[in-house]
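Worksheet for the structure shown next.
The values are calculated or read from the model by the stated rules, or taken from the named source; none is laboratory data. All figures in this text were calculated on a predicted structure; none of them were measured in a lab. Glycine also receives a Cβ, built like all others from the backbone with ideal geometry; neighbour counts cover every protein chain displayed. Quick note on the areas: whole protein, heavy atoms, side chains included, nothing else; ligands and nucleic acids left out. Shrake-Rupley method; radii C 1.70, N 1.55, O 1.52, S 1.80 Å.
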Amino acid sequence: MIDCGEGTQVQMRNMRVRFGRLAHIFISHLHGDHCFGLPGLISTLGMLGRTGELVVHGPKEVETYLRPVMDLFCRGMEFDVRFNTVDTRSHSLVMEDRSLSVWSIPLKHRIPTCGYLFAEKPKEAHIIREMTDFYQVPVRCMKDIKQGQDYVTPEGEVIPNARLTRPAATPKRYAFCSDTAYNRSIIPIIEGVDLLYHEATFAECDLARAKETFHSTARQAAEIARDAQVKRLVIGHYSARYDDLTDLHREAEAVFPGTILGNEGMVIPV
Ligand SMILES: [Zn+2]
Ligand SMILES: [Zn+2]
């Protein structure tokens, strides 16, 4: 889960997201719309009988905020909440497991803030079973072949790897850029990602307000997406002043055609 504003639990129930599957929460910064849902969610997880550890990644202020609340309301819980402090000023590794690594993206906001880059690890190639059967490749060689090695038959014939495997799908990357002023220094970090979420709080007519509050306009989000050559862009975090989002969408589309106007409950396959 990335960020946890008020109402997150309600949305999880509406979307039928299983609470038990949640293992890591990534918090971008300590503004209420990004973290007020945490205490309630953690307390609910306790009541649902969770036992496995929950890791909350975020700026150090997250622990400062959450510890006292948890001491008051979450005593006697069966599971541990571990805080992993993220340095919001550097692009560094936050966590990794077998299939995924997560990196921080330094952002420019009124308080320490970072985004997150989710990068799938390269997968092993797929074995073409008919070919390995044909060459009678022993099981003990399969691991090396999956990792790209050729096969040498007992007679000394070299079977090129390309004949034995199909390449794995290219690893996917998703970048989440939370609240931020227009910040071109993130471009090299997010270059070419499959999907970029970028905040677009304001329309171009409120550019001055965007500067003052360290937010971006929809057009600026689209410029970042275009210059980083991302494959798709989804925008969000719109100011409540706009009843109608068509201006924001149009301004982003003019720079990055196909911009997705993100909204509650939207599901975007990557
Ligand atoms: Zn903020
Ligand atoms: Zn915000």
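Only one of the numbered conditions (1) more than 16 Å from ligand 2 (Cβ to nearest atom); (2) at pLDDT below 95 is not met by VAL56, and that is (2). Selection within segment 193-228: residues that are outside any loop (DSSP other than H, G, I, E, B), among the β-branched types (Val, Ile, Thr) and more than 18 Å from the chain's Cα centre (by Cα). The member of this set that is nearest to ligand 2 (Cβ to nearest atom) is THR213.
Against the criterion of being within 16 Å of ligand 2 (Cβ to nearest atom) and either touching a residue at least 24 places away in the same chain (Cβ under 8 Å) or in a strand (DSSP E or B) (or both), SER28 qualifies. The residue of segment 5-25 that is nearest to ligand 1 (Cβ to nearest atom), among those that are assigned to a loop (DSSP other than H, G, I, E, B) and touching a Phe, Trp or Tyr at 6+ places or on another chain (Cβ under 8 Å), is GLY5. Residues in segment 89-128 that are of a type in the set (Val, Ile, Thr), buried (at least 16 other Cβ atoms within 10 Å of the Cβ) and either at positive phi or within 16 Å of ligand 2 (Cβ to nearest atom) (or both): ILE105, THR113. Scanning segment 207-257 for residues that are among the acidic types (Asp, Glu) and within 16 Å of ligand 1 (Cβ to nearest atom) gives a single hit, GLU212. Please work out if PRO171 is under 25 Å from ALA200 (Cβ atoms) and outside any strand (DSSP E or B). It is false that PRO171 is under 25 Å from ALA200 (Cβ atoms) and outside any strand (DSSP E or B). For segment 74-82, the criterion of being charged (D, E, K, R) and under 20 Å from LEU107 (Cβ atoms) is met by none of the residues. Reported count of residues in segment 45-63, each being part of a helix (DSSP H, G or I), more than 21 Å from GLY115 (Cβ to Cβ) and either touching a Ser or Thr at 6+ places or on another chain (Cβ under 8 Å) or open to solvent by 10 Å² or more (accessible area, probe 1.4 Å) (or both), is 2.
Run down VAL230, VAL158 and say which single residue is of a type in the set (A, V, I, L, M) and touching a residue at least 12 places away in the same chain (Cβ under 8 Å). On inspection, the qualifying residue turns out to be VAL230. Counting only residues that are free of Cβ contacts under 8 Å to residues at least 60 places away in the same chain and farther than 27 Å from ILE111 by Cα, segment 1-21 holds 9 of them.
Based on what the data block shows, is ASP87 closer than 21 Å to HIS198 by Cα, away from ligand 1 (no atom under 16 Å from the Cβ) and under 19 Å from the mean Cα position of the chain (by Cα)?
Details: closer than 21 Å to HIS198 by Cα: yes; away from ligand 1 (no atom under 16 Å from the Cβ): yes; under 19 Å from the mean Cα position of the chain (by Cα): yes.
Against the criterion (closer than 21 Å to HIS198 by Cα, away from ligand 1 (no atom under 16 Å from the Cβ) and under 19 Å from the mean Cα position of the chain (by Cα)), ASP87 qualifies.
Sort out which residues of segment 133-162 are open to solvent by 80 Å² or more (accessible area, probe 1.4 Å) and not charged (D, E, K, R), and write them in order of number. PHE134, GLN136, VAL139, GLN147, GLN149, VAL152, PRO154, VAL158, ALA162, listed by residue number.
Would you check if there is a residue in segment 182-192 being in a loop (DSSP other than H, G, I, E, B) and within 16 Å of ligand 2 (Cβ to nearest atom)? Checking segment 182-192: at least one residue is in a loop (DSSP other than H, G, I, E, B) and within 16 Å of ligand 2 (Cβ to nearest atom). Quick check, is ALA240 at pLDDT below 95 and open to solvent by 20 Å² or more (accessible area, probe 1.4 Å)? Spelling it out, it is not the case that ALA240 is at pLDDT below 95 and open to solvent by 20 Å² or more (accessible area, probe 1.4 Å).
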